[in-house]
Amino acid sequence: MRNLFICIFLVVFSKVFADITVIYNTSLAQESIHTINFFDTEYFNAYELNKAFKAKISSDIMDQRLNINIYGEQLIFLLDSSYLQHGLKYYNMTYDLIQQEEKYFLPVSFLQSILPIIFPDQVSYENNKLFASAPIDNSIRRIVLDPGHGGKDPGAVGYSKKYFEKDITLELALKLKKKLEQKLDVLVLLSRDKDEFVSLQQRTKLANEKAADLFISLHCNAHRNSQIDGVEVYYLSTAKTDEARAVEAMENQVVFEYEGGEEAVKKYDDLAFILADMAQSEHLEESYNLGVNLQSSLITDTEAYDRGVKQANFYVLRGAFMPAVLIEFGFLSNEDEEKKLLNKNYQNKLIDSVFKGIHDFKMKYDQMQ
Ligand SMILES: [Zn+2]
């Protein structure tokens, strides 16, 4: 009798909500959005939208804003408000966006009535079921690794005068490709897989044509002062410091020396620069974040001197329509660092730390939470 009373009590005073099934029009796969009861209103964790729609979700704590990108469209929510903004339009979900233990929860009314209005061609709702177009997959699946130099262009020459940058970067790239493909479920393309000359333009052209999601150029540094050592990662911009300008000039030298002198430089400098700079500026923040992940894991693992994440104007980064960075693994012009760069254990350390940097960036980028 007492149990029966409790049962009746639960039915009357606590609504139980069913999860929502997402059914895609182009595949047999289904997802379910788990719902939860807050103040007798049906809510769901906003990150469920990542699972169901591959939505990119970011929160801005200062502004108390939640940004959700679905089907390439940006929706902006305000904490403790029932309104959301899409372009110039506002929509009322009736119930507020709330935060519980650092997680954001949206009312199910958003799925039932707002989403089908914003995306009439992609989404409809009926009886706990969302019928939806297959989501756009923004995750990182293809990476171009670009071993610097090659063929007639040796790159930096070692302190010992016996070893070349082009050979070390190729060896690192081949090993890194293997590790990334085995452990990260990505396809890795190489701008060269043997000792051959590839122009700087061809390198990013490959990345664009194959719709790569990341472009990572691998290099070793050199300096006329053999005391200088350390690791640095660059992303594209007009060079900020004199030192960055010096490295930029050295890496860009290939255009002048091997790709047709001043005329070739001019070709890179005109139209290509304007277009490519626009393409990259879209990815500036992501390129910087990738650079920070790579630099921090490289420094932690190798204990090399930390030369930081820097901006420079590399030709090879200019043409990339995706997050792109250039890693300088160390100075071949430094006696100790040359030895390290030739050492297999040290090379494996470099591979492991670049792998870790890419892995961490990918986890954040893909919003796997
Ligand atoms: Zn180089």
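The values are calculated or read from the model by the stated rules, or taken from the named source; none is laboratory data. Quantities reported herein were computed from a predicted structural model and do not represent experimental measurements. Neighbour counts are summed over all protein chains in view; Cβ atoms, including those assigned to glycine, are modelled from backbone coordinates with ideal geometry. Quick note on the areas: whole protein, heavy atoms, side chains included, nothing else; ligands and nucleic acids left out. Shrake-Rupley method; radii C 1.70, N 1.55, O 1.52, S 1.80 Å.
Does the stretch 218-225 contain any residue that is over 24 Å from the mean Cα position of the chain (by Cα), farther than 15 Å from residue 354 by Cα, more than 12 Å from the ligand (Cβ to nearest atom) and surrounded by fewer than 16 Cβ atoms within 10 Å (Cβ to Cβ)? Taking every residue of the stretch 218-225 in turn, at least one turns out to be over 24 Å from the mean Cα position of the chain (by Cα), farther than 15 Å from residue 354 by Cα, more than 12 Å from the ligand (Cβ to nearest atom) and surrounded by fewer than 16 Cβ atoms within 10 Å (Cβ to Cβ). Being at pLDDT below 95, outside the structural domain of residue 25 (by TED's automatic domain parsing) and not small (Gly, Ala, Ser) is a description that applies to residue 161. From the list 125, 104, 95, the one residue that fits, being within 17 Å of residue 44 (Cα to Cα), in the same structural domain as residue 25 (by TED's automatic domain parsing), touching a Ser or Thr at 6+ places or on another chain (Cβ under 7 Å) and in a strand (DSSP E or B), is 104. The residue that is surrounded by the fewest Cβ atoms within 10 Å (Cβ to Cβ), among those in the stretch 326-341 that are in a helix (DSSP H, G or I) and out of contact with any helix residue (DSSP H, G or I) (no Cβ under 7 Å at 6 or more places or on another chain), is 336. Screening residue 194 with (1) open to solvent by 60 Å² or more (accessible area, probe 1.4 Å); (2) part of a loop (DSSP other than H, G, I, E, B); (3) under 25 Å from residue 285 (Cα atoms) gives one miss only, at (3).
Does the stretch 133-143 include one or more residues that are open to solvent by less than 10 Å² (accessible area, probe 1.4 Å), at pLDDT 95 or above and outside any loop (DSSP other than H, G, I, E, B)? The answer is yes, given that some residue of the stretch 133-143 is open to solvent by less than 10 Å² (accessible area, probe 1.4 Å), at pLDDT 95 or above and outside any loop (DSSP other than H, G, I, E, B). Select from the stretch 239-258 the residues that are within 12 Å of the ligand (Cβ to nearest atom) and over 17 Å from residue 222 (Cβ atoms) and list them in ascending order. Of everything in the stretch 239-258, nothing turns out to be within 12 Å of the ligand (Cβ to nearest atom) and over 17 Å from residue 222 (Cβ atoms).
Between 95, 91, the distinction of being modelled with pLDDT of 95 or more and under 26 Å from residue 24 (Cα atoms) belongs to 91 only. In the stretch 27-47, the residues that are free of Cβ contacts under 8 Å to residues at least 60 places away in the same chain form Cβ pairs under 8 Å with partners that are exposed (fewer than 12 other Cβ atoms within 10 Å of the Cβ) and among the basic types (Lys, Arg), at six or more places apart or across chains, as follows: 37/15; 40/15. Checking each residue in the stretch 139-168 for being more than 16 Å from the ligand (Cβ to nearest atom) and out of contact with any helix residue (DSSP H, G or I) (no Cβ under 8 Å at 6 or more places or on another chain) picks out 141, 142, 161, 162.
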